[in-house]
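Data block below; observations after.
The values are calculated or read from the model by the stated rules, or taken from the named source; none is laboratory data. Nothing here was measured: the structure is a model prediction, and the numbers come from that model. Positions of Cβ are backbone-derived with ideal geometry, glycine not excepted, and every protein chain shown enters the neighbour counts.
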Amino acid sequence: MKFNRIDHVGVIVNDLSAAKVFFLDFGLEVKGEWEMEGDLMGYAIGLHDVKVACVGLGLPNGQTWIELIKFHTPTDDKGIQQSSANTLGIRHIAFAVEDIEAVVATLKTKGTYIFSETSSMKKDISYATFEDQRELFWS
């Protein structure tokens, strides 16, 4: 038995519209939008009185989605919390891009805090990391 592919990654967001625009600006396409609520939804995720709005985004040629999820109910009792780099759980999503310098420049014009400037890991692999200062992705 083995996995065939990654289908999607769910990301809980604070501002669904702004998070959607963020990814659309970098070439992802809306693959679907929907709302869900009710007992079955709550049973599936272990919460009560669940109402969510979702946007599935993907690359035009890709099968894997990023599923942005906004919980209308229940709200997160803990509110927005910044995590440390060593906090357990999913920490980042990496995208392969044609021109990393252009992407970093675009992020900067949008007011995004670039956590580390462009660096090289290997001969043909460069990266930059940024932080969500606008709280699009923290709920």
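A few notes on this one:
- Cβ pairs under 7 Å, 6+ apart, first in the range 59-86 and farther than 21 Å from residue 23 by Cβ, second among the aliphatic types (A, V, I, L, M) and surrounded by fewer than 16 Cβ atoms within 10 Å (Cβ to Cβ): 74/47
This table checks each residue for (1) more than 23 Å from residue 125 (Cβ to Cβ); (2) loosely packed, with under 15 Cβ neighbours inside 10 Å.
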residue	(1), (2)
51	yes, no
54	yes, no
58	no, no
65	yes, no
71	yes, no
77	yes, yes
90	no, yes
95	no, yes
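- Taking the criterion of being assigned to a strand (DSSP E or B), of a type outside the set (A, V, I, L, M, F, W, C) and free of Cβ contacts under 8 Å to residues at least 40 places away in the same chain, the only residue of the range 43-57 that qualifies is 51.
- No other residue among 61, 14, 4 is assigned to a loop (DSSP other than H, G, I, E, B) and closer than 23 Å to residue 109 by Cβ apart from 14.
- Residue within the range 88-102 that is assigned to a loop (DSSP other than H, G, I, E, B), within 30 Å of residue 37 (Cβ to Cβ), of a type outside the set (D, E, K, R) and free of Cβ contacts under 8 Å to residues at least 24 places away in the same chain present: yes
- Within the range 103-128, restricting attention to residues that are under 23 Å from residue 19 (Cα atoms) and charged (D, E, K, R), the residue that is modelled with the lowest pLDDT is 117.
- Residues that are of a type in the set (Gly, Ala, Ser) and modelled with pLDDT under 90 were ranked within the range 44-75; the one that is nearest to the chain's Cα centre (by Cα) is 62.
- Test: residue in the range 33-42 that is of a type in the set (D, E, K, R), in contact (Cβ under 8 Å) with a residue 40 or more places away in the chain and either assigned to a strand (DSSP E or B) or not assigned by TED's automatic domain parsing to the domain that holds residue 100 (or both): no
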